[in-house]
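What follows draws every value from the coordinates through simple rules; no lab data is involved. This one's a predicted model, so the numbers in the text were calculated from it and none came from an experiment. We place every Cβ from the backbone using ideal geometry, glycine too, and count neighbours over all the protein chains shown.
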DNA sequence: AGGGTGATGTCAGTTACTGCCATCGACCAT
DNA sequence: ATGGTCGATGGCAGTAACTGACATCACCCT
């Protein structure tokens, strides 16, 4: 028999999400999360850097998956299309965890501190895209713009996916959002 | 003679920027900032909500100025053009404070916590733009996309403005960045 | 003169987070 | 099996961000 119950980090994530949802983020202490997971506060901080990070477990994997997917886009795709290619590929990452995503999203929306952290993760996605695009030979200025635009699509598509009563796939929302972006940026209003 | 030295908040902002630049953000305590401003820690927290907020004084004014400027854009401008109109208008806000902006930017870049807060302010700008655009009659989905894209332009233009050795105006960088965005989103690569 | 006001000070308390050392089952080498 | 190392955890003390409650006291108004 193992010395400790397995998957301490997983238990902490579950306890944190539950407590943040039940009582609210600010009203929950790290000691309470640790206690519910059968651990101590000190151990919590060995698994997660701070009180917020416990809700952002998949972000590194997501970032790597997105970067890898964009890397695999056909070489002749435009920067924005390459990003869109990657976004559609990672759709399953969300589609498979819909219930969890809804809960997590509701918790994050309820706390400015958590929103800040989410924005930071979003920014890391932008940086990862810039790196991949530049490696594809895209000029830095263009890469930055394509990455920002791509993550805007990522974000708005996610918001729509969360709210979609029909529960259509994430990839579908990406396609729709990307089409809207293209419609938006056609050159200045036609004369007349 | 006044009971206290005037402009306590201003002194705190100056002290904080100086100390963050000299010693680094993490190595500076709020008590030290307050002491340099001739105040106590408790008084610091009456002027600023937390250790980060002291660096984001102009953000509310900037947000209101941008919203007002977009509001004044000609009614027949496309959503994105209306935002661009607003961005050019607020250019003086930056051009007049170049030295300060450089120092502040260097400090923020050096600390993840400060970057998080800056992303939050950026997000507030997006929200303000969405509100203004919707009031102009733009459909919510389009408004969200135009706001996101517009703030991407805002942000990248700012980064280039900061790094520009020729110190050209902020509005010029907005124009260039916007043109790049339009070039980026033209429909998928032409055949052949 | 006297009372109200507002910016500040003082102090005690909570909680996030960190460094250091102790514990002790598991695992490995002999 | 013996002994030693390892790795995840606990315990504890300490720092610093932030908050609430109350006191102070020049200024202002009447």
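Results, tabulated for the structure shown:
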{"read-out": "Check on residue A:159, more than 9 Å from chain B (Cβ to nearest Cβ), surrounded by fewer than 19 Cβ atoms within 10 Å (Cβ to Cβ) and under 13 Å from the mean Cα position of the chain (by Cα)", "value": "no"}
{"read-out": "Matching residues in the stretch B:166-184 - criterion: being within 19 Å of residue B:104 (Cβ to Cβ) and free of Cβ contacts under 8 Å to residues at least 24 places away in the same chain", "value": "B:173"}
{"read-out": "Selection from the stretch B:18-44 of residues that are closer than 19 Å to residue B:120 by Cβ and outside any loop (DSSP other than H, G, I, E, B)", "value": "B:20"}
{"read-out": "Exclusive hit being surrounded by fewer than 15 Cβ atoms within 10 Å (Cβ to Cβ), within 15 Å of DNA strand C (Cβ to nearest atom) and more than 14 Å from chain B (Cβ to nearest Cβ), set A:24, A:38, A:10", "value": "A:24"}
{"read-out": "Top-ranked residue in the stretch B:42-82 [being in contact (Cβ under 8 Å) with a residue 12 or more places away in the chain and near DNA strand D (Cβ under 10 Å from one of its atoms); ranked as farthest from the other protein chains (Cβ to nearest Cβ)]", "value": "B:43"}
{"read-out": "Hits in the stretch A:124-143 (condition: within 22 Å of residue A:89 (Cβ to Cβ) and surrounded by fewer than 17 Cβ atoms within 10 Å (Cβ to Cβ))", "value": "A:124, A:127, A:131, A:134, A:135, A:136, A:137"}
{"read-out": "Pair list, Cβ under 7 Å, 6 or more apart: the stretch A:1-22 residue more than 16 Å from DNA strand D (Cβ to nearest atom), other residue not in a helix (DSSP H, G or I)", "value": "A:19/A:28; A:20/A:28"}
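Per-residue answers, yes or no, for (1) over 15 Å from the mean Cα position of the chain (by Cα); (2) assigned to a helix (DSSP H, G or I); (3) surrounded by fewer than 15 Cβ atoms within 10 Å (Cβ to Cβ):
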{"residue": "A:74", "(1), (2), (3)": "yes, no, yes"}
{"residue": "A:81", "(1), (2), (3)": "yes, yes, no"}
{"residue": "A:87", "(1), (2), (3)": "no, yes, no"}
{"residue": "A:93", "(1), (2), (3)": "no, yes, no"}
{"residue": "A:101", "(1), (2), (3)": "no, yes, no"}
{"residue": "A:122", "(1), (2), (3)": "no, yes, no"}
{"residue": "A:145", "(1), (2), (3)": "yes, yes, no"}
{"residue": "A:165", "(1), (2), (3)": "yes, no, yes"}
{"residue": "A:168", "(1), (2), (3)": "yes, no, yes"}
